[in-house]
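Below is one structure, written out as structure tokens; comments come after it.
The values are calculated or read from the model by the stated rules, or taken from the named source; none is laboratory data. These numbers come from a predicted model, not from an experiment. As a convention, Cβ positions derive from the backbone with ideal geometry for all residues, glycine included, and neighbour counts pool all protein chains shown. For accessibility, only protein heavy atoms count, side chains too; no ligands or nucleic acids. Shrake-Rupley method; radii C 1.70, N 1.55, O 1.52, S 1.80 Å.
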Amino acid sequence: MGATKWAVMTLMAAGTLAACAVPNQGTAMPAVAVAAPPNTIVIQPPVVAAPPQTVYVAPPATQTVYPESAVPVARTVIAFYDALNRRDYLTAWNLGGQRLAKGGTYASWAGGYATTSWVALTVRSTSGNTVYVDLSARQTDGSLRAFSGSYTVSGGAITGAKVKRLS
């Protein structure tokens, strides 16, 4: 092997070893912040808009005055449908959905509302722990379903329902 070739290989090996060596410990290295040069243009990735969606606006709520004794049971049913409209299925489940599911799973019960955009609730009256209602449910395909019936409330939760689909 020639002397020149041997010297180059030795320097390469020394450089490799030096690069792999442990740096001096205990020596503080100053942190250097590099500012962007003036007149720098920063290019942001394009903002992609969400695809358009059909939005169905719920009809305006009407205010009904109830006797003081009727308010708690009606509030439970109102809170149930408010939670459904907000897609807060866990709250609706705890307000009575679990009992209405009749032994079904939470996932199956919540999935049953997948095609419901919103529900408008009208409390017609109350009697004891029973709340009589009319419902209009706007579906994601734009159709409207109407229901009428009653809910039984006990202990701040819906414990039973007798609701029929009208259309």
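Miscellaneous remarks
- Any hit, the range 105-118, residues being more than 21 Å from the chain's Cα centre (by Cα), closer than 13 Å to residue 158 by Cβ and without any contact (Cβ under 8 Å) to a residue 60 or more places away in the chain: no
- Picking from residues in the range 100-125 that are of a type in the set (Val, Ile, Thr) and open to solvent by less than 50 Å² (accessible area, probe 1.4 Å), the one that is nearest to residue 80 (Cα to Cα) is 119.
- Within the range 137-167, tally of residues that are of a type outside the set (Gly, Ala, Ser) and within 22 Å of residue 79 (Cβ to Cβ): 10
- Restricting attention to the range 78-99 and to residues that are surrounded by fewer than 19 Cβ atoms within 10 Å (Cβ to Cβ) and touching a residue at least 60 places away in the same chain (Cβ under 8 Å), the residue that is nearest to residue 162 (Cα to Cα) turns out to be 99.
- Within the range 126-157, the set of residues being part of a strand (DSSP E or B) and under 17 Å from residue 85 (Cα atoms) comprises 133, 134, 135, 136, 137, 138, 139, 144, 145, 146, 147.
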